[in-house]
1. Filter segment 65-87 down to the residues that are closer than 26 Å to ALA21 by Cα and not β-branched (Val, Ile, Thr), then identify the one that is least open to solvent (accessible area, probe 1.4 Å).
2. Considering segment 42-55 alone, what residues qualify as being touching a residue at least 12 places away in the same chain (Cβ under 8 Å) and open to solvent by 50 Å² or more (accessible area, probe 1.4 Å)?
3. Under 8 Å by Cβ, and 6 or more places apart or on different chains, what pairs join a residue from segment 6-27 that is closer than 13 Å to TRP38 by Cα and at pLDDT 65 or above with one that is open to solvent by 50 Å² or more (accessible area, probe 1.4 Å) and basic (Lys, Arg)?
4. Among residues belonging to segment 44-64 that are assigned to a loop (DSSP other than H, G, I, E, B) and on the phi < 0 side of the Ramachandran plot, point out the one that is modelled with the lowest pLDDT.
Amino acid sequence: MKFRFFQEIFERYSSIPFLKALRTEVGDKDFCATIQRWLEDVVVDYLNEVYEEYRIDTLCISGGCAANVIMNHEIFKRTPFVNFYVMPAMGDE
């Protein structure tokens, strides 16, 4: 499976100077909204490619990003998965 677009996307957003400049340019509130939307778009695009490759109707996610309710709603709306589960146990213990 080829997901090369992630490298290009993450390279830009992993640049601390870029992020500092973006935050200064747009302000804290818009900066957070921009990062949230970016996360949603990247995850949805990735999951759509996963679906195209494997054609599995069920998706189960867990971990820190899985606690992002807004992102989960976007996954539900914008991907073709029929069954979507989020594992509630996200602790490290």
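The values are calculated or read from the model by the stated rules, or taken from the named source; none is laboratory data. Nothing here was measured: the structure is a model prediction, and the numbers come from that model. Here the Cβ positions follow ideal geometry from the backbone for every residue, glycine too, while neighbour counts run over all protein chains shown. Just so you know, the surface numbers come from the protein's heavy atoms only, side chains and all, with ligands and any DNA or RNA stripped out. Shrake-Rupley method; radii C 1.70, N 1.55, O 1.52, S 1.80 Å.
1. So the residue we want is MET71.
2. Within segment 42-55, ASP45, TYR46, GLU49, GLU53 meet the criteria.
3. Hits for this filter: zero, empty list.
4. The qualifying residue modelled with the lowest pLDDT is GLY64.
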